[in-house]
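Novice: Sharing a structure below in C-alpha cells format, with a few things to ask.
The values are calculated or read from the model by the stated rules, or taken from the named source; none is laboratory data. Nothing here was measured: the structure is a model prediction, and the numbers come from that model. Neighbour counts run over all protein chains shown; Cβ positions are idealised from the backbone, glycine included.
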Amino acid sequence: MSGCCNPSGYRHFFNQREARRNLRSYERRGLDTMARRVVGYLTSRGLEGRSVLEVGGGIGALQIELLRAGAATTTNVEISGGYEKVAADLLKREGLEGRVERRLGDFTDVAGELEADDVVMNRVICCYPDMEKLMGAALGASRRFVAATFPRDRLGAGLVVAMGNAYCRMRNVDFRAFVHPPDAIRETASRRGFAVAFEDKNFIWHGVVFERAA
C-alpha cells in the first residue's frame, strides 16, 4: 500500500486466480470460522439499516452475509483490482449490486472521505506493515464498531506467516505478512475511544470487535 510498501506486490498476490479460489471456498464452506463469529456478533447487536465499510474485502463474501443479516449498504475498499470481476459477478448473482459500492485504492489514503456505522477488516491488519496507521484510519471512519481479525501472537501463527513470507521471497513477490501484537492493537483502539466489545480466538486467528464509547 502506498507510503508503506509496493502496491504491485498486493496486485501480484491478490489477483483473479486468488479471487476465483476464494469464490470456490465461499461456495463450498461459506465464511471462515472467525469471520462467521464476528458476523454473528455484529448481527446480535443489530444491523438493520446500518452501513458497513470493509477494508480489503476481496470478493465481498463477508459483506454479502452482513447484507443478508440486515445491513442496508456496504462499501468495499480494495487495493488490488484482481477481485473486481469475480466480486461483480457474485453481487449480480445475489441481486445485491445496488447496495454495494466498490472502490479501488489504499484505504489509508481515502479513509478521510469515508464513514460508516461499522468498519470490518477481516485478515487485513496482517497485510499492512503500519498497524497504527491502518487502525487509526479504520477507527476514524467508524461511528459504532470496528471489527478485525488477525493472526494470534503465538508460535503457530508466526510459523504460518513466516512460511508465507518465505514463499513470496522465493517467487520475488514484493508482499509480506505481519503478526502485530494484539495488545498494541487494543491500545491503539483504546487511545481513540474504543473498547473491546467482543473477542474470540482459535488456533491461528484472533477476532475482536471494538465499540466506540458513548
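Novice: Only residues that are part of a helix (DSSP H, G or I) and out of contact with any Pro (no Cβ under 8 Å at 6 or more places or on another chain): list them for the stretch 149-159, please.
Specialist: First, pick out the residues of the stretch 149-159 that are part of a helix (DSSP H, G or I): 155-159.
Selection gives Leu155, Gly156, Leu159.
Novice: Name every residue in the stretch 88-104 that is more than 26 Å from Glu211 (Cα to Cα), in contact (Cβ under 8 Å) with a residue 24 or more places away in the chain and touching an Asp or Glu at 6+ places or on another chain (Cβ under 8 Å), in order of residue number.
Specialist: Let us first name the residues in the stretch 88-104 that are more than 26 Å from Glu211 (Cα to Cα), namely 88-98, 104.
Checking the rest, the ones that are also in contact (Cβ under 8 Å) with a residue 24 or more places away in the chain come to 90-91, 94, 96, 104.
Leu91, Leu104, listed by residue number.
Novice: All but one of (1) of a type outside the set (A, V, I, L, M); (2) crowded, with 17+ Cβ neighbours inside 10 Å; (3) modelled with pLDDT of 95 or more hold for Phe150, so report the exception by its number.
Specialist: Here Phe150 clears every test but (3).
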